[in-house]
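J.: My structure is below; once you've seen it, I'll send some questions.
The values are calculated or read from the model by the stated rules, or taken from the named source; none is laboratory data. Everything numeric here is computed off the predicted structure, so don't read it as measured data. Virtual Cβ from ideal backbone geometry, glycine too; neighbours counted across all protein chains shown. These accessible areas exclude ligands, DNA and RNA; they are computed on the full protein's heavy atoms, side chains included. Shrake-Rupley method; radii C 1.70, N 1.55, O 1.52, S 1.80 Å.
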Amino acid sequence: MKKLITIAAAVAMWSCALAQGGMVTLAKGEEGKNMEAEALANSWYLGRYDDKDCWLMRMEKGPESFVRKDDWQVVVLDRHLQIYNQVELPMTGDCQVLTLLTNGSYAEILLVDSSKATKTVVMSAEIDMDSMLLVDNKIDTLFSCDLEKDDCCYVWAAASGNGEYIGLLTLQQFTRKRQYAAEAMMYDRRMNELWSKEYPVGTTSCIAVSDEGEMVTLGYDHDGTDEHFAISLIAARTGDNYGLTVTCDPVDHMQILSVMDRKVICAGLFSPVKSDVEKDLTGGTVAMVFDIDSTEITKFTMRPFQNEDVNILQNKKTKKVQHRNEVPMVMPLASVVTPYGVVLAVGHRHVLRYKNANGTVSTSYFAQGIHLMALDDEGTIKWVRNLRRNDFEKDEEDGMYMALFMEGDTLCLLKSESHKSPTDYNIAKEAKEYEVGDKSNLVLYRVTESGDVFKTVLEKKTKHSLIAASKREDGSVLMMTRAGKKTRMMELAF
């Protein structure tokens with residue numbers, strides 16, 4: 001009887017409702033030490049397997065049959081984070097994940113190993129999620145290059161929004177020869193090569209893949225009063241480079257957020273043109289739309305931070321009048337594609353390192369404010385909203401995580417915050433300082449398409465902090481939380 005009561009309590013469900021925000025249901029699994037928090041915090045969700053959830057992660061635990069226990073693994077977990085099955089990706093302990101794609105019963109995983117200064121290797125692993133086996137029991141090498149001293153190799157990968165294509169771009173710089181070589185490769189959703197070509201791309205900072213299987217690259221460089229954008233469109237039989245110039249302040253952290261309806265939607269930040277580079281000042285957000293068919297920039301908008309934005313990002317009262325609208329150390333936090341366009345989230349982040357009396361170095365991570373900007377598919381700003389935040393964490397920053405996803409037309413943001421914060425959306429006063437690991441509230445913010453904000457407290461005064469989240473195909477959201485060495489899975493349903 002005691003065991004039955006324990007299980008019933010562990011899978012109990014809570015419903016939270018707000019008249020404006022709608023009903024949500026929260027189910028909590030058991031907390032325990034079955035899974036390492038670091039492994040969960042750096043995991044990638046793959047999908048469902050046998051009514052359980054499948055993740056790509058790297059951890060110290062592994063069966064004796066594994067080549068190395070710190071290799072990347074595909075791990076099947078139940079709701080209590082008990083391992084149901086696990087598959088090793090052999091000899092991938094030094095690899096980083098480039099991108100992944102789940103299609104039906106197969107998961108395609110692209111990894112890059114650049115741990116050696118003399119060699120870069122890109123690999124592809126395919127998992128059959130029906131049998132939970134590595135297809136053909138091997139990992140394929142897609143690209144490999146040997147490097148001499150001072151040579152560099154850069155690698156980008158991206159999947160199309162419809163899940164039909166995966167693109168890979170490699171760029172090698174041969175310093176002594178003063179040459180470079182770039183190769184673009186396109187694969188279908190089962191990693192069959194569709195085409196591959198050497199192509200002279202310009203300055204590149206990121207890539208994207210359209211639903212038609214075209215590769216789009218973006219790069220930018222500032223010169224005097226002008227920002228020079230380099231955009232390449234690469235397809236099976238064609239390829240074109242475009243150099244576009246805009247007179248504006250210097251652009252930074254510009255990313256391709258979406259390719260939809262033949263439009264490339266980009267967003268990032270800009271710095272005041274005469275600001276001190278060492279102060280790392282940000283003056284606001286920037287948005288740009290490139291039309292693939294007309295090959296022109298159809299929208300370019302720079303929005304300076306307003307008084308409220310600066311106060312939120314520096315955690316001041318909203319009534320404080322700011323005489324300068326620049327904020328130091330602002331960076332992108334997350335982005336999400338919406339039915340009407342995209343949303344970009346940015347925030348103030350900084351790190352403090354100091355030497356202790358015994359000579360060791362301690363590190364503390366800080367995060368203040370979340371600034372949200374929504375764009376429609378033409379690049380027009382629909383709304384801007386701010387959320388309070390004043391978090392810090394010692395030694396690591398996994399617990400300062402926030403999740404961004406869509407529920408229909410509504411933007412959802414999940415995070416942990418001080419339990420002394422208002423239970424409704426109220427940003428007038430400074431946020432209370434929250435040290436990760438102290439009592440916190442797990443909260444859900446919802447922003448409608450018109451910009452109305454609603455806040456729901458999912459769990460009050462908990463020692464657990466959010467470290468990972470992912471949305472399932474059925475619309476429910478999985479959340480991973482940590483309290484010290486204990487971890488827990490939660491499920492959120494709308």
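J.: Would you kindly identify the strands (runs of 3 or more DSSP E) lying entirely within the stretch 406-494 that contain at least 1 residues that are among the hydroxyl-bearing types (Ser, Thr, Tyr) and more than 15 Å from Ala27 (Cα to Cα)?
T.: Where strands (runs of 3 or more DSSP E) fall fully within the stretch 406-494 and carry at least 1 residues being among the hydroxyl-bearing types (Ser, Thr, Tyr) and more than 15 Å from Ala27 (Cα to Cα), they are 410-418, 440-447, 453-462, 465-471.
J.: Report, by residue number, each residue of the stretch 127-151 that is within 18 Å of Asp113 (Cα to Cα), out of contact with any Lys or Arg (no Cβ under 6 Å at 6 or more places or on another chain) and not in a loop (DSSP other than H, G, I, E, B).
T.: Asp140, Thr141, Leu142, Phe143, Ser144, Cys145
J.: Name the pairs whose Cβ atoms lie under 6 Å apart, with the first residue in the stretch 401-427 and surrounded by fewer than 21 Cβ atoms within 10 Å (Cβ to Cβ), the second of a type in the set (Phe, Trp, Tyr), and 6 or more positions between them or separate chains?
T.: Listed by first residue and then by second, the contacts come to Glu407/Phe494; Ser418/Tyr434.
Residue-by-condition table, conditions (1) open to solvent by less than 20 Å² (accessible area, probe 1.4 Å); (2) at pLDDT below 95; (3) out of contact with any Phe, Trp or Tyr (no Cβ under 7 Å at 6 or more places or on another chain):
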position: His253; (1), (2), (3): no, no, yes
position: Val259; (1), (2), (3): no, no, yes
position: Ser275; (1), (2), (3): no, yes, yes
position: Ile292; (1), (2), (3): yes, yes, yes
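J.: Another question, then. Can you confirm whether the stretch 306-321 contains a residue that is on the phi < 0 side of the Ramachandran plot, at pLDDT 95 or above and in a strand (DSSP E or B)?
T.: no
J.: Mind telling me which of the residues Gly163, Gly202 ends up being more than 23 Å from Asn42 (Cα to Cα), open to solvent by less than 70 Å² (accessible area, probe 1.4 Å) and assigned to a loop (DSSP other than H, G, I, E, B)?
T.: Only one candidate passes the filter, namely Gly202.
J.: In the stretch 211-234, what residues are more than 17 Å from Met302 (Cα to Cα) and crowded, with 19+ Cβ neighbours inside 10 Å?
T.: If the condition is that a residue be more than 17 Å from Met302 (Cα to Cα) and crowded, with 19+ Cβ neighbours inside 10 Å, then Gly213, Glu214, Met215, Val216, Thr217, Leu218, Ile231, Ser232, Ile234 are the ones that fit.
J.: When you go through (1) touching a residue at least 40 places away in the same chain (Cβ under 8 Å); (2) under 22 Å from Arg48 (Cα atoms) one by one for Thr456, which number turns out not to apply?
T.: (2)
J.: Does Arg237 satisfy the condition of being closer than 16 Å to Leu98 by Cβ, touching a strand residue (DSSP E or B) at 6+ places or on another chain (Cβ under 9 Å), open to solvent by 20 Å² or more (accessible area, probe 1.4 Å) and of a type in the set (Lys, Arg)?
T.: no
J.: Next question, about the same structure. Which count do you get for residues in the stretch 102-120 that are free of Cβ contacts under 8 Å to residues at least 24 places away in the same chain and within 16 Å of Leu89 (Cβ to Cβ)?
T.: Within the stretch 102-120, residues that are free of Cβ contacts under 8 Å to residues at least 24 places away in the same chain and within 16 Å of Leu89 (Cβ to Cβ) number 2.
J.: Just wondering, is there one or more residues in the stretch 376-393 that are modelled with pLDDT of 95 or more, within 22 Å of Val477 (Cβ to Cβ) and not in a strand (DSSP E or B)?
T.: Among the residues of the stretch 376-393, not one is modelled with pLDDT of 95 or more, within 22 Å of Val477 (Cβ to Cβ) and not in a strand (DSSP E or B), which makes the answer no.
J.: Which one of Ala107, Ala17 is modelled with pLDDT of 95 or more and small (Gly, Ala, Ser)?
T.: Ala107
J.: Does any residue in the stretch 430-447 that is over 13 Å from Met400 (Cβ atoms) and among the polar types (S, T, N, Q) come within less than 9 Å, Cβ to Cβ, of a residue that is part of a strand (DSSP E or B) and open to solvent by less than 30 Å² (accessible area, probe 1.4 Å) six or more places away or on a different chain, and which pairs are these?
T.: Asn441/Ser416; Asn441/Glu417; Asn441/Ser418; Asn441/Val457; Asn441/Leu458; Asn441/Glu459; Asn441/Thr462
J.: Would a scan of the stretch 261-268 turn up a residue that is without any contact (Cβ under 8 Å) to a residue 12 or more places away in the chain and open to solvent by 10 Å² or more (accessible area, probe 1.4 Å)?
T.: no
J.: Go over the candidates Leu257, Leu244, Leu269 one by one and state the one that is more than 24 Å from Val155 (Cβ to Cβ), within 22 Å of the chain's Cα centre (by Cα) and not in a loop (DSSP other than H, G, I, E, B).
T.: Leu269
J.: With the requirement that a residue be open to solvent by 80 Å² or more (accessible area, probe 1.4 Å), free of Cβ contacts under 8 Å to residues at least 40 places away in the same chain and touching a strand residue (DSSP E or B) at 6+ places or on another chain (Cβ under 8 Å), what does the stretch 180-199 give you?
T.: Tyr180, Glu193, Glu198
J.: Also: Failed condition for Asn325, given (1) modelled with pLDDT of 95 or more; (2) surrounded by 14 or more Cβ atoms within 10 Å (Cβ to Cβ); (3) in contact with a strand residue (DSSP E or B) (Cβ under 8 Å, 6 or more places away or on another chain), with all others met?
T.: Failing condition for Asn325: (1).
J.: Let me ask you something else. Looking at this structure, is Gln173 at pLDDT below 95, surrounded by 14 or more Cβ atoms within 10 Å (Cβ to Cβ) and farther than 18 Å from Gly239 by Cβ?
T.: Considered against the rule, which asks whether it is at pLDDT below 95, surrounded by 14 or more Cβ atoms within 10 Å (Cβ to Cβ) and farther than 18 Å from Gly239 by Cβ, Gln173 comes out as yes.
J.: Now for a different question. Could you list all residues from the stretch 441-494 that are over 21 Å from the mean Cα position of the chain (by Cα) and aromatic (Phe, Trp, Tyr)?
T.: Hits for the stretch 441-494 are Phe454, Phe494.
J.: Looking at Gly347, Gly399, Gly359 in this structure, which one is among the small types (Gly, Ala, Ser) and under 26 Å from Asp452 (Cα atoms)?
T.: One residue alone meets the criteria, Gly347.
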